[in-house]
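One structure is given here, and the rest of the page talks about it.
Nothing in this text is a laboratory measurement; each read-out follows from the coordinates by a stated rule. Please read these numbers as outputs of a predicted model, since none were measured by experiment. Note that each Cβ is placed from the backbone with ideal geometry, even for glycine, and that neighbours are counted across all protein chains shown.
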Amino acid sequence: MRVKPPRKRTIATVLVLAFVIPWTYAHIAYAWPWKRFQTGTRITCQGQYLVGAEPNQNATRLGTLTNDSLVRLDAWGEISMGAETAGFTLFTIEGNHVNDIAHVPELQLGESTTVAGVGTFTLKEAHSGTVWFTPNPGGAAFCFDPDPTFTVYDYAQQGH
């Protein structure tokens, strides 16, 4: 009497494991904070504000433009195969109307972009949410150097 699992089930199991093990390693091991410090890509925000956002949270109040419109920041980030990327949107709300100021879909770690009248944003770090088998939205933190005409919101000045 032979007791062997059916060949199809064995092949399916091997294929699933061949996918799951590298996927899990790439999305979890590379997402650990020590990996960033190990690769020498640690970014500091000396003399700048640290601003950011997390998924499922209200947009961060960043400050006001010269016309006293309150600017809000909504950001997202992810780590995919060890690369930290993030993006953000700046907007104001007037009554029931949302006015987009800027939409930056993707910045790489250490990359900067300048939004006229607001300031310069440099991606400090990005992180994914809990990632096992699906990409989940994560948060991001940026070093923010405000434009001289932009008034930074008190909460942002406190480093929160």
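Treat every Asp and Glu Cβ in segment 48-159 as -1 and every Lys and Arg Cβ as +1, leave all other atoms uncharged, and give the resulting dipole magnitude about the Cα centre to the nearest 20 debye.
Working: 3 positive and 13 negative charges, 24 e Å.
The dipole magnitude comes to about 120 debye.
How would Val14, Val152 line up from fewest to most surrounding beta-carbon atoms within 10 angstrom? Working shown, then result.
Values: Val14 10, Val152 17.
In increasing order of surrounding Cβ atoms, one gets Val14, Val152.
Given 0.36 nm per residue, what is the gain on full extension from Asp145 to Val16 after removing their alpha carbon distance, in nm? Walk me through the intermediate numbers first.
On the way: separation 129, 0.36 × 129 = 46.44 nm, distance 4.71 nm.
Gain on stretching Asp145 to Val16: 41.7 nm.
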